[in-house]
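A short worksheet on the structure shown next.
Just so it is clear, none of the values below were taken in a lab; they were calculated from the coordinates. No experiment lies behind these values; they were computed from the predicted model shown. Cβ sites come from the backbone with ideal geometry, for glycine too, and all protein chains shown count toward neighbours.
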Amino acid sequence: MPALDERQVGRWIRAVAAEYGFAIGNIHYIFCSDERELEVNRQFLGHDYYTDIITFDYSTVSTLNGDIFISLDTVHSNAEQLGVAFDEELRRILIHGILHLTGQGDKTPETKAQMTAKEDKALALWR
């Protein structure tokens, strides 16, 4: 398990969600290995590849709810490749899942660039 200050993360996530007009309901982060993430990807999405995050959205019109699977193995390797601290990359992935729940996609170059800009804006709110 990563060392997270749950109160600080909770305040931050609520602030980011509010920027998009949402309250936070039940958000479950499931931290796992690459192998578990691959199993989930295959079983539920029919995808046969590794990824850093899988988000299952159960949100309502005004409240974000979901299960967010995060591969800590991939977060570690991404941090190394990008030359950033693990904690910084983990925060980016944590908020990436929240942004997915608000409706932000990242499948095209344009939506991926928008997602990155929104992640950067959210990371600037981290206190």
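Values as computed for the structure displayed
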read-out: Theoretical ellipticity at 222 nm over the chain - DSSP helices of four or more residues, -39500 (n - 2.57) apiece, nearest 500; value: -16000 deg cm²/dmol
read-out: Amide H partners (placed H, <5 Å) of Tyr29, local residues excluded; value: Ile68
read-out: Top of Leu64, Leu82, Leu94 by mean-square fluctuation, Gaussian network on the chain, Cα under 10 Å; value: Leu82
read-out: Gyration tensor (alpha-carbon) shape descriptor, the range 1-71, a/c threshold 1.5; value: oblate
read-out: Estimated vicinal HN-Hα couplings, Hz - the range 58-65 in sequence order (Karplus 6.51, -1.76, 1.60; Gly, Pro = x); value: 10, 5, 9, 4, 10, 10, 7, 9
read-out: Dipole of the range 6-124, positive end: most advanced residue of Thr108, Ile95, Val84 [Cβ charges, Cα centre]; value: Ile95
read-out: Cα-centred dipole magnitude for the chain, charges only on beta-carbon of K, R (+1) and D, E (-1), debye, nearest 20; value: 580 debye
read-out: Pairwise centroid distance, computed over Cα atoms, of the range 1-50 with the range 72-124, Å; value: 11 Å
read-out: The chain: antiparallel DSSP beta bridges as a percent of all, rounded to 5; value: 40 percent
read-out: Leu64 long-range amide H proximity, modeled H, under 5 Å; value: Ala23, Ile24, Gly25
read-out: Förster radius 25 Å - calculated FRET efficiency between Tyr49 and Leu123 (Cβ-Cβ, nearest 0.05); value: 0.45
